[in-house]
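Right, one structure below, let's go through it.
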Amino acid sequence: QVRLVESGGGSVQAGGSLRLSCTASGFNFGLERMSWYRQAPGKERELVGGITSGGVEIDLQDSVKGRFTISRDNVKSGMYLQMYDLQPEGTAEYFCQFERWEFWGRGTQVTVSS
């Protein structure tokens, strides 16, 4: 019933940008805190940052502050990750998470080449 569908991944050169989307359904999205995670090959999944139900960005990792922005649209039940100045270290599978249930989507791949 609960679904999270990520989209917007792709391959870019260092310095490029991407905007990831997470479309949610099956729960009252507008009441829930959400998060973005990423997992690089051979590494553990790590938190990128979160966003409160009211749209306040929280826990954004220092490594991406100033370059990544998390936002949401509760009418569209969407959460977004705007990424500027992507670096090769950003290459990973990116996932959105419904925090209450610790439920992830299937992810979208971001590949950054130098």
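The values are calculated or read from the model by the stated rules, or taken from the named source; none is laboratory data. Remember, it's a predicted structure, so these values are computed and weren't measured experimentally. Cβ coordinates were reconstructed from backbone atoms using ideal geometry, including for glycine residues, and neighbour counts include every protein chain displayed. SASA here: full protein model, heavy atoms, side chains in, ligands and nucleic acids out. Shrake-Rupley method; radii C 1.70, N 1.55, O 1.52, S 1.80 Å.
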Q | At 0.692 mPa s and 37 °C, Stokes D of the range 54-114 from Kirkwood alpha-carbon radius, µm² per second | A | 252 µm²/s
Q. For the chain, modelled as a Gaussian network with Cα springs under 10 Å, which listed residue fluctuates most, Val12, Val56, Val48?
A. Val56
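If you stretched the chain out fully between Trp101 and Glu46, how much longer would it get, using 0.36 nm times the residue separation minus the C-alpha to C-alpha distance? Display every interim value, and only then the final one.
Numbers: separation 55, 0.36 × 55 = 19.80 nm, distance 1.70 nm.
Additional length available on full extension: 18.1 nm.
Counting only protein heavy atoms and using a 1.4 Å probe, what share of the accessible area of the chain belongs to carbon plus sulfur, as a whole percent?
Carbon and sulfur: 44 percent of the exposed surface of the chain.
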Q: Skip the ligands, DNA and RNA, and give the accessible area per residue of the chain with a 1.4 Å probe, whole Å².
A: 54 Å²
Q: Loop only per DSSP, at most 12 neighbouring Cβ atoms within 10 Å: give me the trypsin sites (Lys or Arg not before Pro) in the range 1-94, ordered by residue number.
A: Lys43, Lys65, Lys76
Q | Overall dimensions of the chain by Cα: Rg and Dmax, Å | A | 13.1, 40
Q) Counting DSSP beta bridges in the chain, what percent are antiparallel, to the nearest 5? A) 90 percent
Q. How far, in nm, would the chain grow between Arg67 and Glu89 when pulled straight, counting 0.36 nm per residue and subtracting the alpha carbon separation?
A. 6.6 nm
(Q) If I take every Cα pair under 8 Å that is 6 or more residues apart in the chain, average their sequence separation and divide by the length, what percent do I get for the relative contact order? (A) 36 percent
